Structure formats: C-alpha cells, structure tokens
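Colleague: Input: one structure, supplied below.
The values are calculated or read from the model by the stated rules, or taken from the named source; none is laboratory data. Model, not experiment: these values are computed from the prediction. Just the protein is used for accessible areas: all its heavy atoms, side chains included, with ligands, DNA and RNA removed. Shrake-Rupley method; radii C 1.70, N 1.55, O 1.52, S 1.80 Å.
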Amino acid sequence: MSSKENAAINQLFERLECRYALRVLWALRDGHPQTFRLLQDSVGGITPNTLNTRIKELRECGLLEHGSDGYIVTLSGHDLLKRLSDVQAFANRWVAARAKKESA
C-alpha cells in the first residue's frame, strides 16, 4: 500500500474511531431521517454534547447532513455503510463462534 493510500485510510479511521461515530452512522443506515432526540435514542448511551460533536465532525467530513426532516447520511455515507455491511455478517459469525466455544 502506498503512503498516499495509507494517509487516506488513516484519515478515515481517525474520524470513525471517535467514540460513537460509527454508531451514529449505523443508526442512520436505513436511510430514514432522524431528529437529534431520535438519533440520541437510536445510538443509546450517548450524551447530547458527544452527539453534537460527532454530528459536527461527520458533517464536516461529508458523511452526514441535516435535511428538513432530520439527520441523514450523504451519498458518501451510504457508500461507506454499504461497505461496512460486510462487517455485520462478520460480527454475526464471530459472535456465534464465540458463543459456541463458551458453551463447549
């Protein structure tokens, strides 16, 4: 991987590693707009201050926007979520395998 590619992935990971950033995006994956309060409930356990910060950061990097009905992911955000859907399948297999080991 070139240094330019490394820089790009590092920039993306830096944004997504912030606490609750992925959860905010994941809560919006169905494409339905959510108000601030609904988004806070969807994410769960996030303080209003932290949610405000994540929303600001995700808007600045072009993954989230505020429409007339609430917060929604942008086209770039949808592209990222589409690619992260493979992580859901992996997580399901991983949890099942761990549960199987623990019950054995």
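Colleague: As a test of the formula, what do you get for the chain when each DSSP H run with n ≥ 4 contributes -39,500 (n - 2.57) and the sum is divided by the residue count, at 222 nm and rounded to the nearest 500 deg cm²/dmol? Write out the running numbers ahead of the final one.
Modeller: Working: 5 runs with 71 residues, N = 104.
Estimated from H runs of four or more residues: -22000 deg cm²/dmol.
Colleague: Just one of (i) 14, 35, 12, 14, 20, 5, 0; (ii) 16, 52, 27, 4, 0; (iii) 14, 40, 29, 14, 3, 0 is P(r) over Cα pairs in 10 Å bins from 0, in percent as worked out from the coordinates here. Which one is it?
Modeller: Of the labelled values, this structure produces (iii).
Colleague: Extension gain residue 1-residue 82, at 0.36 nm per residue separation less the Cα-Cα distance, in nm?
Modeller: Between residue 1 and residue 82, full extension yields 26.9 nm more.
Colleague: Counting only the heavy atoms of the protein chains, how much of residue 85 is accessible to a 1.4 Å probe, in Å² to the nearest 10?
Modeller: Approximately 60 Å² for this residue.
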